[in-house]
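The values are calculated or read from the model by the stated rules, or taken from the named source; none is laboratory data. Remember, predicted model here, so these are calculated numbers, not experimental data. Here the Cβ positions follow ideal geometry from the backbone for every residue, glycine too, while neighbour counts run over all protein chains shown. All accessible areas refer to the heavy atoms of the entire protein, side chains included, with ligands and DNA or RNA removed. Shrake-Rupley method; radii C 1.70, N 1.55, O 1.52, S 1.80 Å.
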Amino acid sequence: MAARLAAGWTPSPLHAFVLKVHSRCDLACDYCYMYRARDGSWRDQPRVMAPGVVERTAERIAEHLDAHGLTEAGVVLHGGEPLLMGDAALAAAARTLRAAAGDRVRLHLSVQTNGVRLTERRLDLLAEHGIQVGVSVDGGRAAHDRHRRGADGRGSHARVAAALRLLTDGPHRALFNGLLCTVDLRNDPVRTYEALLAHRPPSVDFLLPLGNWDAPPPGLGRARGPATPYADWLWAVFERWYATPEPSTRVRILDDLMALLLGATPDTEGLGLSPVRYAVVETDGSLAQDDTLRTAYHGATRTGLDVHRHDFDALVRHPGIAARQWGAEGLCAECRACPLHPVCGAGHYATRYRHDTGFANPSVYCADLAALVRRVRGRLASDLAPVTAARPPTPEAA
Ligand code: SF4
Ligand code: SF4
């Protein structure tokens with residue numbers, strides 16, 4: 001770390017904060033990285049973030065934004081299921097966060113919910129406090145209910161679809177932040193995408209199922225093979241999306257991939273080399289690394305820091321976070337040598353894990369990422385070729 005600082009690494013300040021306001025859930029999804037992963041530390045966490053922890057967190061956020069001259073930031077009220085926090089506590093948290101940030105800061109508050117508790121009354125409350133709503137849904141009923149079920153085995157699709165109708169058809173449509181969908185290779189990609197589009201979301205985020213070299217995702221083995229089922233799945237979505245763009249729906253992974261191929265640097269995780277700029281605060285005020293690292297080993301998210309004793313600058317200097325701000329220098333030798341790394345970025349950090357080499361590996365999705373990047377690059381190149389050819393020669397080229 002000292003060497004990195006001496007070599008001129010300047011930590012990037014945080015501009016997004018994930019607050020685990022409730023550490024339990026009312027669903028029992030079978031792929032959940034909170035409750036089904038190797039790390040079971042959620043059991044040690046209080047169920048709800050206490051008002052004192054919310055206050056201290058709000059002060060720390062305000063202090064961090066002020067110290068770095070930031071006037072805009074995002075705060076995601078997360079869980080478990082954040083709506084289990086209760087309406088009064090949720091409203092109080094929103095007030096506390098906004099009051100601490102003050103008028104100078106544009107604070108984007110949102111909840112990421114499984115949707116089953118979204119009622120008209122709750123939407124009124126979220127609207128009153130300017131809290132945007134992101135909903136997790138995996139496509140149509142069969143796709144969704146295969147994984148996203150309650151402890152009683154009952155699928156949640158009907159409840160989520162009803163909640164989405166309330167959100168999208170009524171007066172609260174402006175609160176709709178978008179949909180999160182976890183990819184399952186058994187689902188038809190285009191049908192899944194179209195089922196999501198039926199909710200007219202402003203954005204769709206496709207998440208690859210978490211896995212790593214020790215515990216590969218469904219459909220991938222421990223050894224690298226020629227098959228690229230996830231690239232094939234996303235390519236099918238790409239072709240539908242590219243041929244018939246939905247002007248009002250952003251598909252984040254594809255937008256970001258295109259942006260990276262065109263030389264932009266979207267602030268995204270899972271692709272590219274942008275520094276990680278978000279923090280996770282547990283219900284007891286612990287400052288944690290990304291929840292997805294729970295899939296690696298028990299305790300992987302712990303930093304030993306908390307909002308009571310440490311500021312967010314201390315978190316950014318934590319080796320686990322800092323290493324994710326080093327761009328290409330934070331990658332393993334194989335990825336640094338790979339010509340695709342500026343776009344691929346070695347994939348999601350959690351997917352690089354292997355017990356003997358830690359996170360210094362390519363992603364377990366390496367073959368899929370490489371195939372997807374190449375295919376999209378090829379499509380872009382062929383579509384841009386006539387434009388490039390028609391351009392008048394530059395003075396140097398003439
Ligand atoms: S809704 Fe989210 S937190 Fe709850 S069980 Fe499902 S994946 Fe886990
Ligand atoms: S994960 Fe694979 S495709 Fe991506 S940068 Fe590393 S070696 Fe290249």
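Could you look through segment 33-61, keep only residues that are open to solvent by 30 Å² or more (accessible area, probe 1.4 Å) and of a type in the set (A, V, I, L, M, F, W, C), and pick out the one that is nearest to ligand 2 (Cβ to nearest atom)? So that I can check it myself, show each step before the final result.
As a first pass, look at segment 33-61 and keep what is open to solvent by 30 Å² or more (accessible area, probe 1.4 Å): 33, 35-36, 38, 42-44, 46-48, 50-52, 55-56, 59.
With the extra rule that they be of a type in the set (A, V, I, L, M, F, W, C), the set shrinks to 42, 48, 50.
Numbers: 42: 29, 48: 39, 50: 41 Å.
The qualifying residue nearest to ligand 2 (Cβ to nearest atom) is 42.
Take segment 45-89 and flag every residue that is of a type in the set (D, E, K, R) and in contact (Cβ under 8 Å) with a residue 40 or more places away in the chain.
Step one: of segment 45-89, the residues of a type in the set (D, E, K, R) are 47, 55-56, 59-60, 63, 66, 72, 81, 87.
Residues satisfying the conditions are 47, 55, 56, 59, 60, 63, 72, 81.
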* Search result, residues across segment 82-115 that are part of a loop (DSSP other than H, G, I, E, B), touching a strand residue (DSSP E or B) at 6+ places or on another chain (Cβ under 9 Å) and surrounded by fewer than 23 Cβ atoms within 10 Å (Cβ to Cβ) -> 86, 105
* Asked: In this structure, is residue 142 of a type in the set (Gly, Ala, Ser) and either within 30 Å of residue 254 (Cα to Cα) or not in a loop (DSSP other than H, G, I, E, B) (or both)?
  -> yes
* Return yes when residue 263 is at positive phi and modelled with pLDDT under 95 and no when it is not. => yes
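Let's see how each residue does on (1) more than 15 Å from residue 210 (Cα to Cα); (2) at pLDDT 95 or above:
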position	(1), (2)
354	no, yes
360	yes, yes
363	no, yes
370	yes, yes
373	yes, yes
381	yes, no
393	yes, no
396	yes, no
* Asked: Could you say whether any residue in segment 184-191 is of a type outside the set (S, T, N, Q) and open to solvent by less than 10 Å² (accessible area, probe 1.4 Å)?
  -> no
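Would it be correct to say that residue 329 is of a type in the set (Asp, Glu), surrounded by fewer than 16 Cβ atoms within 10 Å (Cβ to Cβ) and over 28 Å from residue 281 (Cβ atoms)? Show your work before the answer.
Values: of a type in the set (Asp, Glu): yes; surrounded by fewer than 16 Cβ atoms within 10 Å (Cβ to Cβ): yes; over 28 Å from residue 281 (Cβ atoms): no.
Answer is no for this residue.
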* Taking segment 145-184, which residues are of a type in the set (Val, Ile, Thr) and part of a strand (DSSP E or B)? -> 182
* Asked: Can you tell me which residue in segment 62-81 is surrounded by the fewest Cβ atoms within 10 Å (Cβ to Cβ), limited to those that are farther than 27 Å from residue 43 by Cα and among the acidic types (Asp, Glu)?
  -> 72
* Go through segment 12-32 and count every residue that is touching a helix residue (DSSP H, G or I) at 6+ places or on another chain (Cβ under 8 Å), open to solvent by less than 30 Å² (accessible area, probe 1.4 Å) and near ligand 1 (Cβ under 7 Å from one of its atoms). => 1
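Condition check ((1) surrounded by fewer than 18 Cβ atoms within 10 Å (Cβ to Cβ); (2) within 30 Å of residue 56 (Cα to Cα); (3) within 12 Å of ligand 2 (Cβ to nearest atom)) across all residues:
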| position | (1), (2), (3) |
| --- | --- |
| 279 | no, yes, no |
| 285 | no, yes, no |
| 290 | no, yes, no |
| 319 | yes, yes, no |
| 347 | no, no, yes |
| 354 | yes, no, no |
| 384 | yes, no, no |
| 388 | yes, no, no |
